[in-house]
Structures are given as structure tokens and as C-alpha cells.
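Input: a single structure, listed below in C-alpha cells.
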Amino acid sequence: MVSFANPNSDISIKLLSGAALAARFDALREFAQRGRVAAPSADPAWLNILREGLGHVPFAFEASRRGATCGWLPLAYVRSTLFGRYLVSLPYLNTGGVQADDPAVALRLIHHAADLAREMRVKHLELRNEQPVEHPLLDAARTNKVHMRLALPSFPGPMWEELPAKVRNQVRKGEKAGLVVEWGGAERLDDFYDVFSHNMRDLGTPVYSRQLFAAIIKHFNQDAEFCVIRHEGKAIAAALLVHGKGITEVPSASSLREFNSTCANMLMYWNLIDRAIQRGQSIFDFGRSTLEGNTFRFKKQWGALPEPATWQYHLITGKAPSLRPDNPRYQRLIKIWQKLPVRVTRVIGPRIVRGIP
């Protein structure tokens, strides 16, 4: 633990890692969940999840005023032989960045994070903010995606009636196809990962490790669960649902293309939304999408509305990152990946994707 005291301020900044970070988890969680609504992506548990599931090194800056937490910034050190080193808040998640009681605290936390990034000689510091933060050290940004979020009613009836007729018909088609909906935790992990890894291969994208999802279920306990859709006993669609304080997020979901005619994906998403309503949540977060892209339109049909997603960078070497599947440079590699056996992608994929910030 390293402390940065400012003689001209009553705010102190501490860099936490290892045992010192573990000792402050309860205080950081209390601060992150202090509002009426708190997204699960803001939970400090993700630092342990990323360490166990992806092998990243977790850090956090904590700001305190007269002994009480007034801000914090979670960070993960991502390192890869292929892609280099990065400091990210936070990998895998759509939202991260700084949380603070006031802008002055946020600016100081970002300043210290940029100092740490330079000290660790990473390529860049990446803050997955929603609203942009004005800071002289944040010299690049990605704003081509938006969060898609749906306001939820207190019970499912109004939600169902407001859906377009086409959406309701597709959900009913899934029900008439005899699809079975199952929920669970670790006992559903194999089903989820089988569907997820197949779908990632079909998309030409390296798959995350099974250990990542096992760690999510472990650390969120009753607040994380899998939804699995079966056709004649076979898992054909699956999703991970994580519940926060008033917000439910679906960080990963997939369905098998050969079963598209059953509308399994539509039936699954209706059950995901219904699950969030049954838990008394007020917001369902579908995740990020490119504006007017295919996933954007899929989420929009459920009534989800776009909200800002501004990922900001402090660049140390090179330009803003372009390690994204939609980068034209990777189209040939994507085509090759799509032809690999799934069992091979499960071995190679996690080693690649863990190094992509």
C-alpha cells in the first residue's frame, strides 16, 4: 500500500494491492453501493474475479476524506506477449472507471492512475467511463458504442403488453417449440460454456476461459446465475445474468445458429427480463452495442434506449487501441478462426483473449 498525501487538501489517496486491497474490500463495496441504484459492474468483487479468471493483477486507488472513503478507481494490469501491457478499468466489463463524491476527487484519482501507468510502462491507461471526464491527461476516447438499457415495470404484465407484436410472436414460437428454460449456478456452467464457446467460434472471436465464469458465480453467489434453454435435452442458448442493486446486467449470452428457427434467443431474453422484474429490479442492462448495428437493433426491439459509453485513454505509447473484431485488419484471422474445431478454440482462445484489453 502506497499513500499519496496532499498537504493542501484533506483528501488522501492510497494505492491498494495484495493484502491491503483485500483488507479494504468491505469499505470499497459499501462506497460503491451507497446509492439507491448500484450496477454489479461497480462491485470490487470483479478485481478478484479478473485475477482468478483471467490472471490479471488487480489494483485500486482509494480516496479518503477524514478517514472516510470518498472515491475509488479499480484497475487491472493486463499483460500479453502478443499485445503488450495495459492498465484497464476494467477488462471484460462494459463499465468501469472512477467513482467519486465530487469532480476534484475524480481528477486526483485519474492523475494517480496515469502516474502508475507510466511507472509500469504500459501502452495506455483505459477508463471505461460512461460520461466523459474532463482531464488533461485523458487524450483519446472511443465513443462509437452506447449502453442499451431498459426501464423495468414492477411486474411483467405491462412489459409484455408494450412489446411489439413481432417480438411477442417470436417468444410464443419458442414456447410452442417445446423449449425448456432452466436456471442455476455452478451446476449449469458446463451447459453455458458449451453454447458460449461454440457461438464465439462461429463469430470468429477467441473465447474467454471457463474459469472466468466459474469465478463470477463464486464471488457473486446468489446474485449471479445462468439461464439455459434446451431443445430435446440439448442446451441451445445460454446467458449469464448478474444482479446488482436495482440493475441487472447480462454480460455474456449466446445461442446456437442452427437452432435460430426455434426463436430460442428471443425466449431466453424474455425470461432474462422477467427474472430481473421478479427480483424487483428497475433497470435491465443489455450491454454495449454499436449505434444502429445488428445487436443495437435487437436490443432496441425490447424497448431498450441508448445511453453514453465513453472509454477514455491516457496514451503512453502509440495510438488509441484498435484490438476489436470490427477492425478490418482482423477479417482474415476471423475467417480462419471460424474453421477451427471448438475444442481447439477452448484451448487457444483464453490464452489470446486474456491479453486483449
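The values are calculated or read from the model by the stated rules, or taken from the named source; none is laboratory data. Computed from a predicted structure; not experimentally measured. Cβ: placed from backbone, ideal geometry, glycine included. Neighbour counts: every protein chain shown.
Going by what's in this entry, would V347 be described as among the aliphatic types (A, V, I, L, M), within 20 Å of D202 (Cβ to Cβ), without any contact (Cβ under 8 Å) to a residue 40 or more places away in the chain and not assigned by TED's automatic domain parsing to the domain that holds E175? Considered against the rule, which asks whether it is among the aliphatic types (A, V, I, L, M), within 20 Å of D202 (Cβ to Cβ), without any contact (Cβ under 8 Å) to a residue 40 or more places away in the chain and not assigned by TED's automatic domain parsing to the domain that holds E175, V347 comes out as yes.
Quick check: anything in the range 29-46 surrounded by 15 or more Cβ atoms within 10 Å (Cβ to Cβ) and farther than 27 Å from V250 by Cα?
Within the range 29-46, the first condition is being surrounded by 15 or more Cβ atoms within 10 Å (Cβ to Cβ), and the residues that meet it are 29, 31-33, 38-46.
This time we only want the ones that are farther than 27 Å from V250 by Cα, so: none.
No: the range 29-46 contains no residue that is surrounded by 15 or more Cβ atoms within 10 Å (Cβ to Cβ) and farther than 27 Å from V250 by Cα.
Within the range 52-65, is there a residue that is of a type in the set (D, E, K, R), touching a residue at least 24 places away in the same chain (Cβ under 8 Å), within 21 Å of K14 (Cα to Cα) and in a loop (DSSP other than H, G, I, E, B)? Scanning the range 52-65, I find no residue that is of a type in the set (D, E, K, R), touching a residue at least 24 places away in the same chain (Cβ under 8 Å), within 21 Å of K14 (Cα to Cα) and in a loop (DSSP other than H, G, I, E, B), so the answer is no.
When each of S254, S289, S261 is tested for being over 24 Å from T143 (Cβ atoms), within 21 Å of the chain's Cα centre (by Cα) and among the hydroxyl-bearing types (S, T, Y), the lone residue that passes is S254. Tell me yes or no: at least one residue of the range 137-153 is under 30 Å from T262 (Cα atoms), surrounded by 13 or more Cβ atoms within 10 Å (Cβ to Cβ) and over 21 Å from the mean Cα position of the chain (by Cα). Looking through the range 137-153, at least one residue is under 30 Å from T262 (Cα atoms), surrounded by 13 or more Cβ atoms within 10 Å (Cβ to Cβ) and over 21 Å from the mean Cα position of the chain (by Cα). In the range 131-145 there is no residue matching the filter, namely being outside the structural domain of V242 (by TED's automatic domain parsing) and closer than 15 Å to S12 by Cα. Of the residues making up the range 96-113, those that are more than 19 Å from R66 (Cβ to Cβ) and crowded, with 22+ Cβ neighbours inside 10 Å are G96, G97, V98, I110, A113.
Of all residues in the range 72-85 being modelled with pLDDT under 95 and not charged (D, E, K, R), which is farthest from I348 (Cα to Cα)?
Here the residue is G84.
Kindly indicate the residue of the range 22-45 that is without any contact (Cβ under 8 Å) to a residue 60 or more places away in the chain and part of a helix (DSSP H, G or I) and also farthest from L93 (Cα to Cα) among those meeting that condition. Explain how you work it out, then say what you get.
From the range 22-45, those without any contact (Cβ under 8 Å) to a residue 60 or more places away in the chain are 22-30, 34, 44; that's our starting set.
Keeping just the survivors that are part of a helix (DSSP H, G or I) gives 22-23, 25-30.
Details: A22: 21, A23: 23, F25: 19, D26: 21, A27: 22, L28: 18, R29: 17, E30: 20 Å.
Selected residue: A23.
Residues that are modelled with pLDDT under 85 and among the hydroxyl-bearing types (S, T, Y) were ranked within the range 318-348; the one that is surrounded by the fewest Cβ atoms within 10 Å (Cβ to Cβ) is S322.
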